[in-house]
1. Scan the range 167-182 and report the pairs whose first residue is more than 14 Å from Lys213 (Cβ to Cβ) and whose second residue is modelled with pLDDT of 95 or more and among the charged types (D, E, K, R), with Cβ atoms within less than 7 Å and a gap of 6+ or a chain change.
2. Taking the residues in the range 157-184 that are among the hydroxyl-bearing types (Ser, Thr, Tyr) and not in a loop (DSSP other than H, G, I, E, B) as candidates, determine which candidate is nearest to ligand 2 (Cβ to nearest atom).
3. Take the residues of the range 358-385 that are outside any helix (DSSP H, G or I) and surrounded by fewer than 17 Cβ atoms within 10 Å (Cβ to Cβ): which is modelled with the lowest pLDDT?
4. When you scan the range 185-194, how many residues do you find that are under 19 Å from Ala329 (Cβ atoms) and assigned to a loop (DSSP other than H, G, I, E, B)?
5. Can you work out which of the residues in the range 195-227 that are closer than 30 Å to Arg162 by Cβ and assigned to a loop (DSSP other than H, G, I, E, B) is nearest to ligand 1 (Cβ to nearest atom)?
6. Which ones in the range 195-207 are buried (at least 19 other Cβ atoms within 10 Å of the Cβ) and more than 14 Å from the chain's Cα centre (by Cα)?
7. Is there a residue being modelled with pLDDT of 95 or more, under 22 Å from the mean Cα position of the chain (by Cα) and in a strand (DSSP E or B) anywhere in the range 56-63?
8. Could you say whether any residue in the range 190-197 is in the same structural domain as Val245 (by TED's automatic domain parsing), free of Cβ contacts under 8 Å to residues at least 60 places away in the same chain, over 23 Å from Asp260 (Cα atoms) and away from ligand 2 (no atom under 16 Å from the Cβ)?
Amino acid sequence: MKRLTILGATGSVGASTLDLVARNPDRFSVTALTAGKDWRRLAELARTFRPDHVVIADEAAFADLAEALAGEPVTVSAGAAALAAVAREPADLVVAAIVGAAGLPPTLAAVEAGIPVALANKEALVCAGSLMTAAAARTGAALLPIDSEHNAIFQVLEDRSRVSRIVLTASGGPFRQMPREAMAAVTPAQAVKHPTWSMGAKISIDSATLMNKGLELIEAWHLFGVRPDQLGVLVHPQSLVHGLVEYVDGSVLAQLGPADMRVPIAHALAWPERIATPVERLDLAKIGRLEFEEPDRERFPALALAEAALAEGQCRPCVLNAANEVAVAAFLEGRIGFLEIAAVVAATLEAMDSRCPESLADVFETDARARAVAQQYVTRVKQSSFAGQRAAG
Ligand code: NAD
Ligand code: MG
């Protein structure tokens, strides 16, 4: 029996994980479940999956959650410190499925406690990947990627020293074929409608800007230890080939599967074994052909910004991520337009001197400063012609 702690249990990855847990009651049990704000859903999940602990990040929701679970055999706590503490509780695997840099402290806490981590929370790696991989090397905690592309690479990676290139595929998002001018008017509802995957709002917007693929390049760099110039992106609108590894002899190994997150999650949960999933099977004869194209960095500048941050290293990815979190939230709230997401990130990167080495204190400090700078640009976008200037530049 594998005992699981699921950080971010009420989200999209959390739901797919719990679906697999429910289908495999002989294999998995739940030690702890956490959520950001949604105490009702967390209470429901606690009644179904019977964890020992639940934690809600939002302290204002503690009283409601505690009342909803009164009399149940579960400890209830709230706040950031409780979140990190529960991640250290004995478990066989921590599923890191919080969205954003908020997931960094508990995810790092699990790794530091030597607990294997099934990692969906890419922002944690983008912000503090060197700290995370160093802690994993020190404690021996495995980092098992859940992100579909990285899980694909993990499945086909043999001898790292013989790898010549790693390629992540991207669906291209809902605006793959849209002229840049038309993107100025797209709404949050259009942007979250992903063509092939069903996911949380933030990653769906990141997929529409291609920032998601940029974050994933940084994630891959930390996970697989290749040089930045060995990492590539290929647009593959069907989302059936998830990642490819080219070796020095010219062989290319790829992983294919339906666009259902339960496939990579099942792989990470059961690793090094495999479990059955109920997902639709690939019918390649019916699909007929697989399509690929180059990404367009002019229409999707977020990808180029992330590639530059990866090449510059140090705290640049942390700035990129923080500014992007602020900009995506502002877009979802209708405060800035779609094109201004990358513009706010670019302006924040330009404004900030952030070539500090990566320590946890640096990461938190840089993250907070970058959020403040990005907020200023968000406000400026609303008030002035900043948007037009940035879009034209
Ligand atoms: P989601 O928005 O659906 O769920 C996020 C979860 O995090 C929820 O449980 C929420 O309550 C919790 N949360 C949010 N803010 C929090 C905070 N400040 N403190 C503590 N908890 C907080 O997101 P998702 O789509 O499930 O994505 C989760 C992570 O997995 C992201 O990093 C995303 O990039 C990555 N990922 C998701 C998918 C997918 O298919 N959804 C695929 C690959 C990678
Ligand atoms: Mg992905």
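1. Arg180/Arg299
2. Per the criteria, the residue is Thr169.
3. Ser385
4. 5
5. The qualifying residue nearest to ligand 1 (Cβ to nearest atom) is Leu210.
6. None - no residue of the range 195-207 is buried (at least 19 other Cβ atoms within 10 Å of the Cβ) and more than 14 Å from the chain's Cα centre (by Cα), so the list stays empty.
7. yes
8. no
The values are calculated or read from the model by the stated rules, or taken from the named source; none is laboratory data. None of these values were measured; they are calculated from a predicted model. Reconstructed Cβ throughout: ideal geometry from the backbone, glycine too, with neighbour counts over all protein chains shown.
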